[in-house]
1. Residues to consider are 68, 14; find the one that is open to solvent by 80 Å² or more (accessible area, probe 1.4 Å), among the β-branched types (Val, Ile, Thr), outside any loop (DSSP other than H, G, I, E, B) and free of Cβ contacts under 8 Å to residues at least 60 places away in the same chain.
2. Only one of 49, 35, 63 is over 18 Å from residue 9 (Cα atoms) and in contact with a Gly (Cβ under 8 Å, 6 or more places away or on another chain). Can you tell me which?
3. Going through 41, 7 one at a time, which residue ends up being at pLDDT below 90 and open to solvent by 70 Å² or more (accessible area, probe 1.4 Å)?
4. Among the numbered conditions (1) free of Cβ contacts under 8 Å to residues at least 12 places away in the same chain; (2) surrounded by 15 or more Cβ atoms within 10 Å (Cβ to Cβ); (3) part of a loop (DSSP other than H, G, I, E, B); (4) not aromatic (Phe, Trp, Tyr), tell me where residue 57 comes up short.
Amino acid sequence: MNFSSTPDAWLGSILGRPCFNVRCASGDLSAEQLVAGYSEPGSFAVAKVPAMEMDASLELQTVGFRHIEMAL
């Protein structure tokens with residue numbers, strides 16, 4: 001599965017730290033490469049993964065993302 005991320009300036013201004021939105025199947029980075037790019041301590045990333053993309057969700061969880069909720 002491939003991933004990409006974009007900075008989220010609004011969330012970053014609220015949390016006071018670098019924030020990113022992660023998308024699956026729209027980039028050229030593996031989950032490991034994606035996380036390695038967040039080199040600044042305290043960076044925060046959020047991913048909304050479609051329920052049908054369980055492989056993407058599991059891959060993100062193996063590199064430190066936490067599953068918070070599932071909407072069906």
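The values are calculated or read from the model by the stated rules, or taken from the named source; none is laboratory data. None of these values were measured; they are calculated from a predicted model. For neighbour counting, all protein chains shown are included, and Cβ atoms are generated from backbone atoms with ideal geometry for every residue, glycine included. Note: areas computed on protein heavy atoms with side chains; ligands, DNA, RNA excluded. Shrake-Rupley method; radii C 1.70, N 1.55, O 1.52, S 1.80 Å.
1. Details: 68 fails: outside any loop (DSSP other than H, G, I, E, B).
It is 14.
2. Working: 49 fails: in contact with a Gly (Cβ under 8 Å, 6 or more places away or on another chain); 63 fails: in contact with a Gly (Cβ under 8 Å, 6 or more places away or on another chain).
After applying the criteria, what remains is 35.
3. Only one candidate qualifies: 41.
4. (3)
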